[in-house]
Amino acid sequence: MDECPEGWRLPTKVEWDSLFRQLSGLRDNARIMNFNPFQTTWYYWSSTEVNDSLAYVGSVGFYAMDPQQAQRFSSSTIEFSKNRPAYVRCVKE
């Protein structure tokens, strides 16, 4: 899978895992990642394939029961069908 322009590439599973480890210690990850909360999950492609039909994605989720409640942040890399849509975030080579 190569969806990025020349000079850019998809991050690997290891790079997504590293980013998520860095963010796990931060108190207000939702503001740092600049995402809108309320039980939402986004999936971002990695360049790491499992097989012909699966690849890893970075999964980023934010959860809050109401606007007054503290936001909960979750992140992980998961196996994901290549037939499903996901976002693309490119990193400079």
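The conditions are (1) at pLDDT 75 or above; (2) of a type in the set (Phe, Trp, Tyr); (3) open to solvent by less than 60 Å² (accessible area, probe 1.4 Å), and residue 8 fails exactly one of them. Which is it?
Of everything listed in (1) at pLDDT 75 or above; (2) of a type in the set (Phe, Trp, Tyr); (3) open to solvent by less than 60 Å² (accessible area, probe 1.4 Å), residue 8 misses just condition (3).
Starting from residues that are within 10 Å of the chain's Cα centre (by Cα) and either open to solvent by 50 Å² or more (accessible area, probe 1.4 Å) or among the hydrophobic types (A, V, I, L, M, F, W, C) (or both), keep the ones in the range 57-73 and report whichever is modelled with the highest pLDDT.
It comes out as 57.
The values are calculated or read from the model by the stated rules, or taken from the named source; none is laboratory data. These numbers were taken from a predicted model, which means no experiment stands behind them. The protein model used for the area step is the full one, side chains on, heavy atoms only, and it has no ligands, DNA or RNA in it. Shrake-Rupley method; radii C 1.70, N 1.55, O 1.52, S 1.80 Å.
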